[in-house]
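Written below as structure tokens is the structure these notes are about.
The values are calculated or read from the model by the stated rules, or taken from the named source; none is laboratory data. From a predicted model like this one, the values you see are computed outputs, not experimental measurements. Virtual Cβ from ideal backbone geometry, glycine too; neighbours counted across all protein chains shown. Note: accessible area is taken over every heavy atom of the protein model, side chains too, but ligands, DNA and RNA are not part of it. Shrake-Rupley method; radii C 1.70, N 1.55, O 1.52, S 1.80 Å.
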Amino acid sequence: PGMVRLCLPTDGMDRPVHAGFNTPLYDPQLPGYLWGNVDKGMTSWIAAGLPASKIGLGVSFLAYKWDGVSEPNQIGVTQVSRAHYFNIVDVYYAPSRYRWNDTAKVPYLSNTNPNWFISYDDPKSLTIKVDYAKSKSLGGIMIWELWEGYVPSQPEGQRDPLLQAVKRAISAIRL
């Protein structure tokens with residue numbers, strides 16, 4: 001009673017030919033970028049009269065791998081598939097592949113030969129999203145695909161880095 005439940009996807013998976021970020025916090029300011037962003041959605045819902053306290057920000061532990069392109073906003077995607085965070089950590093991640101879009105506040109991995117691009121959230125981007133939810137006085141955080149953040153190859157106590165980042169960010173007091 002008195003609670004509005006909305007689950008609106010903002011990942012734009014209806015346009016798989018044009019690569020995009022999974023859950024950018026802000027518009028990445030790339031020419032011709034076709035995807036949405038969290039801030040645009042939240043701002044429009046609040047402007048439409050939905051109380052911020054009734055909105056839960058969904059943060060995503062799932063990722064997408066785009067084959068045929070090596071950067072966001074490129075055209076030429078040949079396949080889109082889910083990429084589990086444990087695969088990102090164990091198979092795909094290398095410091096030379098890591099990129100950060102400081103405008104959108106999201107990481108991604110970029111590879112050439114063969115071309116692929118992985119859009120995902122990491123502890124840094126999740127912390128920024130939790131801080132965003134707090135700054136907008138949103139009603140809370142919802143984790144999409146919680147199991148995707150589990151990394152069994154890591155030492156005990158370090159197997160859920162995404163969940164621990166969200167937990168730390170929620171409990172942190174920011175002055």
Conditions (1) surrounded by 15 or more Cβ atoms within 10 Å (Cβ to Cβ); (2) at pLDDT below 95; (3) out of contact with any strand residue (DSSP E or B) (no Cβ under 7 Å at 6 or more places or on another chain); (4) within 24 Å of His18 (Cβ to Cβ); number of the one not met by Gly149: (4)
Given the conditions (1) without any contact (Cβ under 8 Å) to a residue 40 or more places away in the chain; (2) of a type in the set (Asp, Glu); (3) closer than 18 Å to Ile88 by Cα, and given that Glu156 satisfies all but one, which numbered condition is not satisfied? (3)
Matching residues, region 68-96, being part of a loop (DSSP other than H, G, I, E, B) and open to solvent by less than 60 Å² (accessible area, probe 1.4 Å): Gly68, Val69, Ser70, Glu71, Pro72, Asn73, Gly76, Val77, His84, Ala94
Check whether at least one residue in region 120-137 is on the phi > 0 side of the Ramachandran plot and modelled with pLDDT of 95 or more, and report yes or no. yes
Looking at Tyr26, Tyr33, Tyr64, which one is open to solvent by 50 Å² or more (accessible area, probe 1.4 Å), touching an Asp or Glu at 6+ places or on another chain (Cβ under 8 Å) and not in a helix (DSSP H, G or I)? Tyr26
Does Ser96 fit the bill of being over 17 Å from the mean Cα position of the chain (by Cα) and at pLDDT 95 or above? yes
Restricting to region 159-175, and then to whatever is within 24 Å of Ala133 (Cβ to Cβ) and without any contact (Cβ under 8 Å) to a residue 12 or more places away in the chain, can you tell me which residue is farthest from the chain's Cα centre (by Cα)? Leu175
Region 104-146 - residue that is among the polar types (S, T, N, Q) and exposed (fewer than 14 other Cβ atoms within 10 Å of the Cβ) and, of those, farthest from Lys40 (Cα to Cα): Asn113
May I ask you to list the residues in region 38-57 that are within 17 Å of the chain's Cα centre (by Cα) and either crowded, with 19+ Cβ neighbours inside 10 Å or farther than 21 Å from Val106 by Cα (or both)? Val38, Met42, Leu57
